[in-house]
Amino acid sequence: MAPSDGLPLPVPLDLSDSDRRLDMLQRMPIFGAVRGDALQFLLAQTRQREVARGDYFFRHGEKALVMYVLEAGRVSVRRHWGDHELLLRTLGAGECFGEMALLDLSARSASVRAESDCLAIELSPGDLLRLFEHDAEQFALIQMNIARELSRRLRVTDELLFRATMGERPAGTDSVFQSL
């Protein structure tokens, strides 16, 4: 995969810390109830991406090729509207972003910028295809988990859109999307 904005190419995942990674994945909704052996198989397929503070993992409109699981650091999810940049949400270690790349063929719907030096696991549709060929049941569970997470976010967004349409703004947030 070609680097975005001059980022270094991803490297094979260092599996020496696999117990910590496995524990992190099992705590995430997208990988909930997935067996450890299936996650180990999946991790062996993935790559690792380092992104320096201020650089972008990807930008709105770019081709969506992979999702990321953030191992270290903080990122901001952003969207431009005219001359304005809107912060949609911030994410930290143990969270993921770019999941839609695993499900559809559309371009990125937002930009993700590293707010600190970041380390992330990169997961592609090809990685999931290899899991499907290895264990279709565990593949299906991940797909259902992704669909559940996207559905949850859609429900929250629908509620926020409804409330915003009615003139209500959530208290104590910089963005109506922070509650996602």
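The values are calculated or read from the model by the stated rules, or taken from the named source; none is laboratory data. Note that the coordinates shown come from a computational prediction; the quantities given were computed from them, not determined experimentally. All Cβ positions, glycine included, derive from the backbone under ideal geometry; neighbour counts span all protein chains shown. These area figures cover heavy atoms from the full protein model, side chains too; ligands, DNA and RNA do not enter into them. Shrake-Rupley method; radii C 1.70, N 1.55, O 1.52, S 1.80 Å.
Let me confirm something: among A44, A38, which residue is in a helix (DSSP H, G or I) and at pLDDT 95 or above?
One residue alone meets the criteria, A38.
Conditions: (1) at pLDDT below 95; (2) open to solvent by 40 Å² or more (accessible area, probe 1.4 Å). H134 meets all but one. Number of the miss?
In the conditions (1) at pLDDT below 95; (2) open to solvent by 40 Å² or more (accessible area, probe 1.4 Å), H134 misses (1) alone.
Being part of a loop (DSSP other than H, G, I, E, B), surrounded by fewer than 17 Cβ atoms within 10 Å (Cβ to Cβ) and at pLDDT 95 or above: is that true of G6 here?
It is false that G6 is part of a loop (DSSP other than H, G, I, E, B), surrounded by fewer than 17 Cβ atoms within 10 Å (Cβ to Cβ) and at pLDDT 95 or above.
Matching residues to (1) farther than 20 Å from P10 by Cβ; (2) surrounded by fewer than 18 Cβ atoms within 10 Å (Cβ to Cβ):
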position	(1), (2)
R78	yes, no
H84	yes, yes
L87	yes, yes
G94	no, yes
G98	no, no
R108	no, no
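Applying the selection to region 50-81, what residues are of a type outside the set (F, W, Y) and within 19 Å of L22 (Cβ to Cβ)?
Across region 50-81, the qualifying residues are M67, V69, L70, E71, A72.
Do the conditions hold for H60, that is, is it open to solvent by 50 Å² or more (accessible area, probe 1.4 Å), modelled with pLDDT of 95 or more and not aromatic (F, W, Y)?
Against the criterion (open to solvent by 50 Å² or more (accessible area, probe 1.4 Å), modelled with pLDDT of 95 or more and not aromatic (F, W, Y)), H60 qualifies.
Looking at region 50-165, what strands (runs of 3 or more DSSP E) fall wholly within it and have at least 1 residues that are in contact (Cβ under 8 Å) with a residue 60 or more places away in the chain, of a type in the set (G, A, S) and closer than 21 Å to F31 by Cβ?
The qualifying strands (runs of 3 or more DSSP E) are 118-123.
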